[in-house]
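Derivation of every value follows stated rules applied to the coordinates shown; laboratory data play no part. Keep in mind it's a predicted model, so treat the numbers as computed, not measured. Ideal geometry is used to build each Cβ from the backbone, glycine not excepted, and the neighbour counts take in all protein chains shown.
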Amino acid sequence: MHHTIRLSQMRIGVDLDGVVADFTEGWTSQYKIDFNKEIKEENITEWGLSKPLTHFEEEIDFWNWAKDFNGSSIFRNLKTYDNAVEVLYEVSKSGHEVVIISSKPWWSIHDTLVWLGENKIPSKEIHFLEDKWKIDCDVYIDDAPHQLKSFVENVPDKLILRFVRPYNRPIAGTKDLNNWLELNSLLESYNL
């Protein structure tokens, strides 16, 4: 009985970009349109979007470009990763709380809220902040190397899932999540 109760009460902190939303496909396809240069996902092996990957001198130059595409930011029309919405829906339906925790630029929040609604992301709790570990959850899912390290340092007793991407490396204290279909078994093994 206790096992069932714990399962039904897990709070799962979920990052958006690189986890639910395919930020890489979104910005690289727009970059190809605007600058006629193709950047493949496997070539993005480090965290950061300025030189040498793009022509932008500094990160701020990238973000200034990403702010406005016909009145919307780069975050407005991102695709979801395969099975992300379906698995989050199942997790939510089974009693877990899906908590969105994203570190977004202030100018992208309105587009992100619309995106969450249009993509029917099942969450009643949404946070935009840099120190994601401050939001109390049982499980955290993220792809950003600095966020994963922060979770390990600040909440090492929680289940921290690294969504595996070419730009992040294994980090002690995290477990790898290669795709959304692996989530349920990782949650179940955490609860045993």
Summing -39500 (n - 2.57) over every DSSP H run of at least 4 residues in the chain and dividing by its residue count gives a helix-only mean residue ellipticity at 222 nm, to the nearest 500 deg cm²/dmol, of -10000 deg cm²/dmol
Between His110 and Leu186, the two model label points (7 Å from Cα along the beta-carbon direction) sit apart by a distance in nm of 3.4
Scoring the chain by relative contact order with C-alpha pairs under 8 Å, at least six apart, yields a percentage of 28
Grab the other residues whose beta carbon is less than 9 angstrom from that of Glu25, score K and R as +1, D and E as -1, and report the net.
-> -1
Could you go through the stretch 99-106 in sequence order and give the Karplus-derived ³J(HN,Hα) for each residue, using 6.51 cos²θ - 1.76 cosθ + 1.60 with θ = phi - 60°, rounded to whole Hz, and x for Gly and Pro?
-> 10, 7, 10, 9, 9, 10, x, 4
Measuring from label point to label point, each 7 Å out along Cα→Cβ, what is the Asn154 to Phe69 span in nm?
-> 3.0
Only Cα pairs under 8 Å and at least 6 apart count here; give the relative contact order of the stretch 24-66 as a rounded whole percent.
-> 25
Cα-based Rg / Dmax (Å) for the stretch 24-66 = 9.5, 24
Could you list which residues have their amide H under 5 Å from that of Met10, counting only those 5 or more apart in sequence or on another chain, with H placed in the peptide plane?
-> Glu97
Whole-angstrom gap from the stretch 118-173 to the stretch 30-96, using each part's C-alpha centre | 18
Find how much the distance from Asp82 to Ser50 grows on full extension, using 0.36 nm per residue of separation minus their present alpha carbon separation; answer in nm with one decimal.
-> 8.8 nm
Isotropically averaged projected area of the chain, using the convex hull of Cα atoms (one quarter of hull area), nm² | 10.8
